[in-house]
Each structure stands twice: as C-alpha cells, then as structure tokens.
Amino acid sequence: MVRRILSDEWAELRDIRLRLLTDVPWRVEHLAVEQAFTQAQWEERSRTDATSAARAGFVGCDWDGIVEVDDGEIEGLWVSPGHRRRGLATELLEAAIDWAAARGQGRVESWVREQNAPGIAAHAAAGFVLSGRVQQWPDRAAWQVHMFRVP
Ligand SMILES: CC(C)(COP(=O)(O)OP(=O)(O)OC[C@H]1O[C@@H](n2cnc3c(N)ncnc32)[C@H](O)[C@@H]1OP(=O)(O)O)[C@@H](O)C(=O)NCCC(=O)NCCS
C-alpha cells in the first residue's frame, strides 16, 4: 500500500532518507548533509511532505519505499533492496503523478542517470517518456541525466 507521509513521521522519514543516501552511490555526497539535519529540520520536512499543496512525500510497504514530488519534479525515488521488482516504484510514481494532477500540475518531470537501467525501467512502467532534455551530472564528465516527463 502506498500512502502520503504523515506530519509526525519525521523519524521514519529521516531513517529512510539516510538508508537511501547510504545505498545509492551517486547520492553519497549528500549523506553528510542530511546526517547533519536537526530534528526541527526533519519535522519541517515531514510536515511539508504531509501537508503542502506544492510538495508531497509518499511511502509504501511500511517505509520500504519512498518518493517525494516538489513543484511537479520527482525527487528521491527509492525502494529498499529486499522489496524491489514487485511494482512498488511504479506505484509510488503513480501516486505522485495522480497527486500532482489533482492539484492542476499537469506535467511531472524526473531526472534519471542514463546508466540507471532500473530507474529508467521504473519510470517507463509509470508512463514517463523521454523529454529530450539532457544534462551533465556535476563533477562527473561521463554521467548524463535525462529528463523524463508525464505526459
Ligand atoms: C529504481 C528502483 C526505484 C525500482 O524499484 P522497483 O520497486 O524494483 O521497481 P518496480 O518493481 O516498480 O519495476 C518497474 C519496472 O522496472 C523494471 N525493473 C525494475 N528493476 C529493474 C532492473 N534491476 N533491471 C531491469 N528492469 C527493472 C521492472 O521489471 C518493471 O518493469 P515492467 O513493469 O515492465 O515489468 C529501485 O531499483 C531503486 O530504489 N534503485 C536505487 C535508487 C534509484 O535508482 N532510484 C531511481 C532514481 S531515478
């Protein structure tokens, strides 16, 4: 089951974000940043993910998957290794798309590294298509990120 994060779930949000940043090698430089967040910062983030009209966070399988969407842009899609290949990422992306659409944000965008085959497959399964926009990953000459979009 996928559902929106609740305001008071700051500790669960902190734990899954730190698991994500530890697991995903290309985000590791951000780990120290979020490890240094104060409780007040996590409380603010869970409150925003739960109640904002522009931003939302969704979790599934009792905090074994997460996605956040901010102003129509997907952030931090992650499913814990033991829960992969069961459709959870697709469900999380669909929840974010439906939520944004219900708020009049017709277009949802997401940047995915071209080497990330599972990430690309999960976006395709949720209806994302290549937009044609490509960027260089900062400080990594060999890495390109493609913007996917719905619709
Ligand atoms: C990418 C990720 C979120 C996918 O999560 P998931 O729950 O396993 O994805 P799903 O089960 O919803 O799979 C969606 C589609 O992708 C395909 N897929 C998932 N993992 C795959 C893999 N390793 N290789 C090939 N295809 C894969 C599935 O077969 C499915 O396709 P289908 O609907 O045609 O059968 C997960 O692997 C992850 O957290 N990876 C590390 C973080 C990351 O890369 N996040 C995305 C950043 S853009």
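Coordinate-derived values only; no laboratory data. Keep in mind that what you see is a predicted model, and the values were worked out from it rather than measured. Using ideal geometry, Cβ is built from the backbone for each residue, glycine included, and neighbour counts are taken over all protein chains shown.
Here the 3J(HN,Hα) profile of the range 22-29, calculated from phi with Karplus coefficients 6.51, -1.76 and 1.60 at θ = phi - 60°, is 6, 7, 9, x, 7, 10, 5, 5 Hz, Gly and Pro shown as x. Between Leu130 and Ala36, the FRET efficiency estimated from the beta carbon spacing at R0 = 25 angstrom works out to 0.10. In this structure the amide hydrogen of Trp143, modeled in the peptide plane, comes within under 5 Å of the amide hydrogens of Trp137, none closer than 5 places in sequence on its chain. In percent, rounded to a whole number, the relative contact order of the chain is 18, using alpha-carbon pairs under 8 Å and six or more apart.
Backbone geometry of the range 122-134 corresponds, through the Karplus equation with coefficients 6.51, -1.76 and 1.60 at θ = phi - 60°, to 3J(HN,Hα) couplings of 5, 5, 4, 5, 8, x, 6, 10, 5, 8, x, 7, 9 Hz, x marking Gly and Pro. Checking every one of the GluC sites (Glu not before Pro) in the range 58-151 against DSSP loop status and a limit of 15 other Cβ atoms within 10 Å picks out Glu114.
Treating each Cα of the chain as an identical point scatterer and ignoring solvent, apply the Debye formula and state log10 I(q)/I(0) at q = 0.09, 0.12, 0.13 Å⁻¹. Calculated log10 I(q)/I(0) at the listed q: -0.27, -0.48, -0.57. Distances between placed amide hydrogens fall under 5 Å for Glu73 paired with Glu109, all partners being 5 or more residues away or on another chain. Relative to the Cα centre, the charge distribution of the range 2-106, modelled as +1 at Lys and Arg Cβ and -1 at Asp and Glu Cβ, gives a dipole magnitude of about 220 debye.
Karplus-derived 3J(HN,Hα) values for the range 4-21, using 6.51 cos²θ - 1.76 cosθ + 1.60 with θ = phi - 60°, are 6, 4, 9, 3, 8, 8, 5, 5, 5, 5, 4, 5, 6, 5, 6, 5, 4, 5 Hz; glycine and proline are entered as x. Between Ser52 and Leu6, the contour length at 0.36 nm per residue exceeds the Cα-Cα span by 15.4 nm. If R0 is taken as 22 Å, the Cβ-Cβ distance between Trp137 and Glu44 corresponds to a FRET efficiency of 0.20.
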